[in-house]
Structure formats: structure tokens, C-alpha cells
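Every number here is computed from the coordinates shown, using simple stated rules; none is lab data. This structure is a prediction, so every number in the text was calculated from the model and none was measured. When we count neighbours, we look across all protein chains shown, and the Cβ atoms used for this are built from the backbone with ideal geometry, even at glycine.
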Amino acid sequence: MDRDSTIKLRPDQLARLLTVLCEPEPEVWLARSLAGPVGLGEARPGRRLGEVLLDPRTNLGLLRTIKDHWKAVSLRVPDGAEHAGAIALYYAAIAAALVHHGTLITKNSPAELSEALATLVAKPWLPRDLRGLMESASRPA
């Protein structure tokens, strides 16, 4: 039996299909990232990214570094789970600075930030702890 295993897809269509099928969902990607080490020159190496974002003792310098790192990742990755996850981590660092230190570490206006956080909070794949952090950052001071 001679069957065409590509289902008559063009090479570019097949490549896109395989990319989508092999890519983790944002929820899986974020869980892996949050459970991993922060790196980025952290003073106390070995802490998990999720722990650092939720810890009120995390200093503003590290939160700025985390924000800048994930912003760069989001600009480098065109789409998919990593792109969505990087954007979520970028805004999580901004939310952490606002909630834990009362400091806005973005050039976005408060209205733009509120809109972005509301968009992320509505995503079903956003982990509960990040959702809570972003909801807290969205509340008026």
C-alpha cells in the first residue's frame, strides 16, 4: 500500500504543523520556567523563578533584570508558548515590583499596564500564583 504520509501538505505547511504539534502549551512552558533557577546574577543562586517573583524580599534590581530578560526573550521568539510565557514573566516581574515595593518598573502607563495584566489574568493557562500577583498589581493603591 502506497500512502502519502504528508497528506499532500506543502513543505512550509508541514513544517508549521510539526512546530505547533511539538511545542508545549504556555501552561507547561511556564510551569517549567517557574520551577527552574533564576540565574541572571541572583545574589542567592538556586532559588526558583516562581519563588523569586512571589517573594516580597526580592530586590528591585533583580526584578528589573528579570523583566528585561523576559522582554528580550519575547522579542526574540516570534510566537507560540515561549513567546506567550515570556510576556507573562515580563509582566509578572513588573507586577512583583508594584505589589512588593510599590514601584512601577515599566515605561507603560498605569492604564496600559492594567489592560495588559487584565488580558493575562484572563488566560486559562496562567498559573494561579501569577494570576494572584497580577490581580493584586491591578488593584488601586
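Label sites at residue 48 and residue 60, each approximated as a point 7 angstrom past Cα along Cα to Cβ, lie 2.9 nm apart. Derived value for region 82-123: Kirkwood hydrodynamic radius 10.5 Å. Basis is the mean of 1/r over every pair of different alpha-carbon atoms.
If the Kirkwood radius is taken over C-alpha pairs of region 25-138, then at 25 °C and 0.890 mPa s the Stokes-Einstein diffusion coefficient equals 178 µm²/s. With contacts taken as Cα pairs under 8 Å at a separation of at least 6 residues, region 25-138 carries a relative contact order of 27 percent.
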